[in-house]
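Engineer: Pasting in a structure now, in structure tokens, and then I'll have a few things to ask.
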Amino acid sequence: MKRFFKTNLTVHVRKPQWGAAQSNVMQNRCLCNSIARPSLHLDLECKEIIYQGLVNQQQRRGYAPTISSTLVKECWNCKKSLDMSTEAMMCGNCHHLQDVDKDINYFNLMNIAQDFSLDAQSLTKRFRQMQSIVHPDKFSNKSSREQNNSADWSSLINKAYKTLLIPIERGQYLLNLSGLQLPQDNSALNKEFLMEMMERNEQVEDATNIEDLKKLSKRLKDDLEKKVLELSRAFNDSNFEVAQLLLIEMKYLISIENSVKNKSQTLMNGISS
């Protein structure tokens, strides 16, 4: 069985074994079509700037945020020992806002079960509750230390919320908690999947109207939803190898989804002009 691309390249899909060189060419071509486009990672600006300038702030403060949630801590104000399960953020005795614990588990911080499957509405409700507690406006008349702590906790809560809310970010975070990361290469990916991604990229490039792009976008959305369900089962079964592969495949799909959005915007701009 043969498939024909616009480049007139003939690929034998059912060939029993691909050579290493062919496999690398296939991956490189797919990656060039996909990853060289808008970033695979979702556009979460806070992800990169949470602690921007923190070192300079620490120099002015004369203290540093806590770096390990496993250490025994005491309140910096009243010196009472803190129960880190309930007082990581605020002392229950003097009610002073504590120094940020940047290594805190995001699931513990948001007070939800450490599981891939979660209730997005409950997470959002918890996020708003916590932000209302640490909002900088509430600490404008407090000491400079609490003002700084307020800004730090607000940033960390925002980062934790966005990480847990977005499935692909949540999946990668769960892998990190298990001491795992996504592989740097995609050699384990199914070759037919890579070929399909190439075809979809070509479909985006060849699209000449918004309706075609809407159909492509709908198919991508459906595929991503299926991947999320598969990912949930993989984490429930502690099958981290399958979870890694699913997350990589989701990155490809999200990259093409971004390409569809960009192409749609380009076509819309052409219509308006």
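Engineer: Return yes when Thr70 is closer than 19 Å to Phe127 by Cβ, open to solvent by 50 Å² or more (accessible area, probe 1.4 Å) and either part of a loop (DSSP other than H, G, I, E, B) or at pLDDT below 95 (or both) and no when it is not.
Structural biologist: Values: closer than 19 Å to Phe127 by Cβ: no; open to solvent by 50 Å² or more (accessible area, probe 1.4 Å): yes; either part of a loop (DSSP other than H, G, I, E, B) or at pLDDT below 95 (or both): yes.
No, not satisfied.
Engineer: Being within 21 Å of the chain's Cα centre (by Cα), within 18 Å of Ile168 (Cα to Cα), exposed (fewer than 14 other Cβ atoms within 10 Å of the Cβ) and polar (S, T, N, Q) is the requirement here; does Ser232 meet it? Talk me through it step by step, then tell me what you get.
Structural biologist: Details: within 21 Å of the chain's Cα centre (by Cα): yes; within 18 Å of Ile168 (Cα to Cα): yes; exposed (fewer than 14 other Cβ atoms within 10 Å of the Cβ): no; polar (S, T, N, Q): yes.
Here the answer is no, as Ser232 does not meet what is asked.
Engineer: Within segment 119-149, how many residues are touching a Ser or Thr at 6+ places or on another chain (Cβ under 8 Å) and within 15 Å of Lys162 (Cβ to Cβ)?
Structural biologist: 1
Engineer: Still on this structure, I have one more. Taking the condition of being outside any helix (DSSP H, G or I) and within 25 Å of the chain's Cα centre (by Cα), how many residues in segment 119-154 meet it?
Structural biologist: Just the residues of segment 119-154 that are outside any helix (DSSP H, G or I), to begin with: 119, 135, 140-143.
Subset that is within 25 Å of the chain's Cα centre (by Cα): 119, 135.
Number of matching residues: 2.
Engineer: Check whether at least one residue in segment 99-106 is at pLDDT below 95 and open to solvent by 30 Å² or more (accessible area, probe 1.4 Å), and report yes or no.
Structural biologist: For segment 99-106, residues at pLDDT below 95 and open to solvent by 30 Å² or more (accessible area, probe 1.4 Å): present.
Engineer: Restricting attention to segment 188-204, does a residue exist that is within 25 Å of Tyr106 (Cβ to Cβ), modelled with pLDDT of 95 or more and either out of contact with any strand residue (DSSP E or B) (no Cβ under 6 Å at 6 or more places or on another chain) or surrounded by 14 or more Cβ atoms within 10 Å (Cβ to Cβ) (or both)? Lay out the reasoning, then the answer.
Structural biologist: Start the filter on segment 188-204 by keeping residues that are within 25 Å of Tyr106 (Cβ to Cβ), which leaves none.
No; the residues of segment 188-204 include none that is within 25 Å of Tyr106 (Cβ to Cβ), modelled with pLDDT of 95 or more and either out of contact with any strand residue (DSSP E or B) (no Cβ under 6 Å at 6 or more places or on another chain) or surrounded by 14 or more Cβ atoms within 10 Å (Cβ to Cβ) (or both).
Engineer: Being open to solvent by 10 Å² or more (accessible area, probe 1.4 Å), of a type in the set (A, V, I, L, M) and modelled with pLDDT of 95 or more narrows it down to one residue among Leu165, Leu123; which is it? Break it down stepwise before answering.
Structural biologist: Numbers: Leu123 fails: open to solvent by 10 Å² or more (accessible area, probe 1.4 Å).
Going through Leu165, Leu123 in turn, just one is open to solvent by 10 Å² or more (accessible area, probe 1.4 Å), of a type in the set (A, V, I, L, M) and modelled with pLDDT of 95 or more: Leu165.
Engineer: Can you list the helices (runs of 4 or more DSSP H) found entirely within segment 164-264 that contain at least 2 residues being free of Cβ contacts under 8 Å to residues at least 60 places away in the same chain and among the basic types (Lys, Arg)? Walk me through how you get there before you give the answer.
Structural biologist: Values: elements: 167-177, 191-206, 210-236.
Because the criterion is at least 2 residues that are free of Cβ contacts under 8 Å to residues at least 60 places away in the same chain and among the basic types (Lys, Arg), the helices (runs of 4 or more DSSP H) in segment 164-264 that meet it are 210-236.
Engineer: So, one more: Residues being out of contact with any helix residue (DSSP H, G or I) (no Cβ under 7 Å at 6 or more places or on another chain), open to solvent by 10 Å² or more (accessible area, probe 1.4 Å) and closer than 19 Å to Phe127 by Cα: count how many of those fall in segment 143-154.
Structural biologist: Going through segment 143-154 one residue at a time, the tally reaches 1.
Engineer: Tally up the residues in segment 206-225 that are within 19 Å of the chain's Cα centre (by Cα) and buried (at least 16 other Cβ atoms within 10 Å of the Cβ), please.
Structural biologist: Residues meeting the conditions: 3.
The values are calculated or read from the model by the stated rules, or taken from the named source; none is laboratory data. Predicted model, so just to flag it, every value in this text is computed and none were measured. FYI the Cβ positions are ideal-geometry reconstructions off the backbone, even for glycines, and counts take in every protein chain you see. Side chains included, ligands, DNA and RNA excluded: accessible areas come from the protein's heavy atoms. Shrake-Rupley method; radii C 1.70, N 1.55, O 1.52, S 1.80 Å.
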